[in-house]
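*Asks:* Please see the structure below; I have some questions.
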Amino acid sequence: MAPARGTKPLFGTNPIAFAWQRADNHPSVFDFATSATARGEIELHRRAGKTIPHGLALDNDGRPTIDPAEALHGAMLTFGGHKGSALSTMVELLAGPLIDDMISMESKAFDDGLGTTPCHGELILIFDPSVFLGDALGKNLAAPRCFSMP
């Protein structure tokens with residue numbers, strides 16, 4: 001993906017996942033990439049001969065494109081402009097230099113044009129709520145009070 005205001009790919013899709021345990025229900029879970037769309041969605045549009053929406057990708061010259069074939073040779077964009085770009089940078093640094101592994105650009109160079117699966121790090125952080133909450137554990141594993149979960 002190209003960073004906000006960038007014209008060339010710099011990041012992978014840098015996914016973020018989160019889960020919150022709940023005492024009497026399924027956990028609350030989300031998992032998303034920091035890209036504005038999935039590369040697979042762009043490929044599906046290409047195969048169907050359809051254009052992609054504005055704001056998802058750049059062509060190989062760094063210009064906005066709605067042509068999925070051009071997008072596949074250019075760069076996808078982050079969701080939310082500079083905010084998605086900042087989250088992508090955070091993930092890139094946490095799952096690269098922090099664990100002494102490659103960042104996306106290094107992985108791309110290591111790939112040497114083969115287009116294989118990225119070869120770089122993952123960082124998984126697991127917190128034990130009982131360490132933080134002690135006796136308040138049960139009360140705080142309920143669904144968050146600010147919204148209801150199905």
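*Asks:* With respect to the numbered conditions (1) among the polar types (S, T, N, Q); (2) on the phi < 0 side of the Ramachandran plot; (3) part of a loop (DSSP other than H, G, I, E, B), which one is the sole condition not fulfilled by Asn14?
*Replies:* Evaluating Asn14 over (1) among the polar types (S, T, N, Q); (2) on the phi < 0 side of the Ramachandran plot; (3) part of a loop (DSSP other than H, G, I, E, B) leaves (2) as the failure.
This table checks each residue for (1) modelled with pLDDT under 75; (2) touching a Pro at 6+ places or on another chain (Cβ under 8 Å); (3) in a loop (DSSP other than H, G, I, E, B); (4) of a type in the set (Lys, Arg).
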{"site": "Lys108", "(1), (2), (3), (4)": "no, yes, no, yes"}
{"site": "Thr116", "(1), (2), (3), (4)": "yes, no, yes, no"}
{"site": "Cys119", "(1), (2), (3), (4)": "yes, no, yes, no"}
{"site": "Leu123", "(1), (2), (3), (4)": "no, no, yes, no"}
{"site": "Phe127", "(1), (2), (3), (4)": "no, no, yes, no"}
{"site": "Gly134", "(1), (2), (3), (4)": "no, no, no, no"}
{"site": "Ala143", "(1), (2), (3), (4)": "yes, no, yes, no"}
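*Asks:* Now for a different question. How many of the residues in segment 108-127 are touching a residue at least 12 places away in the same chain (Cβ under 8 Å) and either among the basic types (Lys, Arg) or open to solvent by less than 70 Å² (accessible area, probe 1.4 Å) (or both)?
*Replies:* First pass over segment 108-127, keeping only residues touching a residue at least 12 places away in the same chain (Cβ under 8 Å): 108, 118-123.
Retained after the next criterion (residues that are either among the basic types (Lys, Arg) or open to solvent by less than 70 Å² (accessible area, probe 1.4 Å) (or both)): 108, 119-121, 123.
Adding up the residues that qualify gives 5.
*Asks:* Determine which member of the set Ala136, Ala95, Ala86 is small (Gly, Ala, Ser), within 13 Å of the chain's Cα centre (by Cα) and surrounded by fewer than 17 Cβ atoms within 10 Å (Cβ to Cβ).
*Replies:* Checking each option against the conditions leaves just Ala86.
*Asks:* Follow-up question, since we're still on this one. Which numbered condition in (1) open to solvent by 30 Å² or more (accessible area, probe 1.4 Å); (2) under 27 Å from Ala86 (Cβ atoms) is the only one that Asn25 fails?
*Replies:* Against the list (1) open to solvent by 30 Å² or more (accessible area, probe 1.4 Å); (2) under 27 Å from Ala86 (Cβ atoms), Asn25 comes up short only on (2).
*Asks:* Separate question: Of Thr65, Thr7, which residue is among the hydroxyl-bearing types (Ser, Thr, Tyr) and open to solvent by 30 Å² or more (accessible area, probe 1.4 Å)?
*Replies:* Numbers: Thr65 fails: open to solvent by 30 Å² or more (accessible area, probe 1.4 Å).
Only one candidate passes the filter, namely Thr7.
*Asks:* When you go through (1) open to solvent by less than 70 Å² (accessible area, probe 1.4 Å); (2) closer than 26 Å to Leu125 by Cβ one by one for Met105, which number turns out not to apply?
*Replies:* Met105 satisfies every listed condition except (1).
*Asks:* May I pose another question? Given (1) in contact with a Pro (Cβ under 8 Å, 6 or more places away or on another chain); (2) free of Cβ contacts under 8 Å to residues at least 60 places away in the same chain; (3) open to solvent by 40 Å² or more (accessible area, probe 1.4 Å), where does Thr34 come up short, assuming only one miss?
*Replies:* Condition (3) is where Thr34 drops out.
*Asks:* If you go through segment 35-48 one residue at a time, do you hit one that is out of contact with any strand residue (DSSP E or B) (no Cβ under 8 Å at 6 or more places or on another chain) and at positive phi? Steps first, please.
*Replies:* The first filter runs over segment 35-48 and keeps only residues out of contact with any strand residue (DSSP E or B) (no Cβ under 8 Å at 6 or more places or on another chain), leaving 38, 40-41, 43-48.
Now narrow it down to the ones that are at positive phi: none.
Looking for residues that are out of contact with any strand residue (DSSP E or B) (no Cβ under 8 Å at 6 or more places or on another chain) and at positive phi, one finds none in segment 35-48, hence no.
*Asks:* Could you say which residue among Pro97, Pro64 is modelled with pLDDT of 90 or more and out of contact with any Lys or Arg (no Cβ under 9 Å at 6 or more places or on another chain)? Don't jump to the end; show me each part of the working.
*Replies:* Details: Pro97 fails: modelled with pLDDT of 90 or more.
Of the residues listed, the single one that is modelled with pLDDT of 90 or more and out of contact with any Lys or Arg (no Cβ under 9 Å at 6 or more places or on another chain) is Pro64.
The values are calculated or read from the model by the stated rules, or taken from the named source; none is laboratory data. Keep in mind it's a predicted model, so treat the numbers as computed, not measured. Note: ideal-geometry Cβ built from the backbone for every residue, glycine included; neighbour counts use all protein chains shown. Protein only, heavy atoms only, side chains kept; ligands, DNA and RNA dropped before computing areas. Shrake-Rupley method; radii C 1.70, N 1.55, O 1.52, S 1.80 Å.
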